[in-house]
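Data first, discussion second: the structure below is written as structure tokens.
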Amino acid sequence: MYKLLLTWRYLLTRYIALICVISVTLGVATMIVVNAVMLGFSREMENRMHGALSDVTISAWSSLRGIEDADARIQDVWRAAGDMVEAVTPTVSTQALLNYEIAPGEVINKPVELIGIDPETQEKVTALAEYLQHPENRAHTSFTLKEEGYDIQNHMAGDRGVLRPILGEAGWKHRRKDAEYEKYRQEEKERQKEVARHLPPPQSDFDPLVADAPPLAEQQRATPAAMMQPGTMNPYAAALAGLAAAPKYDEISDLTPEPAPEPATEPRSAGTSPLDEYDEFTPHFDKAAQQDTGVIIGIGVVSGNRYKVPDPVTNKTRYCEPLFVVPGDDVTISCLALGSDRTMPSIVTDRFTVTDLYESRMVLYDQSFVFVPIDKLQEMRNMIAPDGKRMATNILIKAKPGVDINQLRDRLQSSPLFPSHLFMIRTWRDSQANMLEAVSIELGVLNVLLFLIVAVAGFGILAIFFMMVVEKTRDIGILKSLGVSGFGVMQIFLYYGLALGLLGSGLGLILGMVFVRHINTLASWLSQVMGHDVFNPEVYNFYEVPAIIEPWTVVWIVVGSVLIAVVSGVIPALRAARLRPVDALRV
């Protein structure tokens, strides 16, 4: 009992020990906060990866030909591991070049990952629908253009999302406006051609529109006043006057235009060249009432640099993001297709209508993924055999809840239906192993470095204990002369180290938990004080600091800190235990 009383007395009277307590507290709190934030980042990144990828993917080694008879391979999946599989869908994936126009004559080319999907089954395997900008498409993925209603900010970000005001008019509303503008451009182009047709050919030495005009050399030497003498006329004005006096179309039989054909009810056929001008008139296609095959584009493919704007409601600045292409616009896509002999590739091109934008907030995916209907892409790439069998490059599999995806992968790999020389079978973690391993190594190294903060506190405890042994040498001698054993003296110092560790770890645990709980509020406050964003969503692509507290991580941080405090007192305790009473009383 006397050991605990002495420990409590030392704890209350030795204020120098508070330095060690504060060191342990800060070390424990820092480790809890850093681990929570790093774990939050890691889990958020994994969720986004997993949402874009399937649990297990079966791929063909040949990326051009892909998997022969994808429907038969899907049936093989159900035969080999039907009790572990919840849903299966085929996809066609290939590198492609996407083109869109940002201004008349200004075309941007972007290399993309073109993915053909089946909307009915894709949403059962991946989280594609969650990352779309229209609520109806999030409920059920579709390649049909909507009238309006696209989100002007990411629905998962709340009020902290990046603003995209242009999406407020996206859809058929935007497409009809664009069709009217193209019609005006075409009419203006035809009018200019008609004006140019009535202009006389340029002459080298005289202007036929000017009566009694002097030679060209004399005109160049004439003063402006001389050029404005009666008898001169502006050539463009003369052309307009001649155009007004010219006979109408109905007075000239050979210029009477034929009646325009009725607009077609089917979209344009495949094969539109990307070199075709956007304002070229296509009478068989009514852009204001029809759409081409739908396409869903990653938002990073068509977005510009973000900029800040003031928010009149909150008096804060928010980020805005310009978009060069919105739902309702048309783009062209070029990719490789199988040749007639199904070996030598050829380049094919088609035009698509943007029906939605994809934002997973993973830059790697948002800047490359482009989704189109799988049957359209199979048709473009000549992946439909004469007997009707369809090819695919990947078969995506979703495991049933509770199933270990590694076991599902191993069963498919061991099945004779999927020989290893023809198929590659991987989980989503296997395909992203390098990135996940890098994050894990980074977290481990960071924990080692942060644990040195607690180790510094341990050296402080060691130094303080040596001072106490020297200072309390006479007291130790008195205790031993009263019959206290060396082990009992040693226990006093060990209990004191344990008390310091428990107190510091407990305060650090409370401080760390409170900090993690209010980390976004603190980040906002620090941003206001410092005048810039401490956590910039433009850089990290997160709208708030993700923080997840894992109980086992907190346990080993607290236990490790307490052990360091106890171990730091072992050497001074041994020295105190070895003191002889006679020598101690002589000091």
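The values are calculated or read from the model by the stated rules, or taken from the named source; none is laboratory data. Here the structure is a predicted model, which means the values were calculated and not measured. Cβ: placed from backbone, ideal geometry, glycine included. Neighbour counts: every protein chain shown.
Brief remarks follow.
- Counted residues, the stretch 90-105 - those being in contact (Cβ under 8 Å) with a residue 12 or more places away in the chain and among the small types (Gly, Ala, Ser): 2
- Among the candidates 489, 516, the residue that is in a helix (DSSP H, G or I), at pLDDT 80 or above and among the β-branched types (Val, Ile, Thr) is uniquely 516.
- Count of residues meeting criterion [over 14 Å from residue 41 (Cβ atoms), modelled with pLDDT of 75 or more and under 24 Å from the mean Cα position of the chain (by Cα)] in the stretch 533-577: 0
- Residue count for the stretch 356-377, restricted to those that are surrounded by 21 or more Cβ atoms within 10 Å (Cβ to Cβ) and either polar (S, T, N, Q) or not assigned by TED's automatic domain parsing to the domain that holds residue 132 (or both): 1
- Considering the conditions (1) free of Cβ contacts under 8 Å to residues at least 24 places away in the same chain; (2) of a type outside the set (Gly, Ala, Ser); (3) under 18 Å from residue 371 (Cα atoms); (4) outside any strand (DSSP E or B), residue 49 is excluded by exactly one of them, (1).
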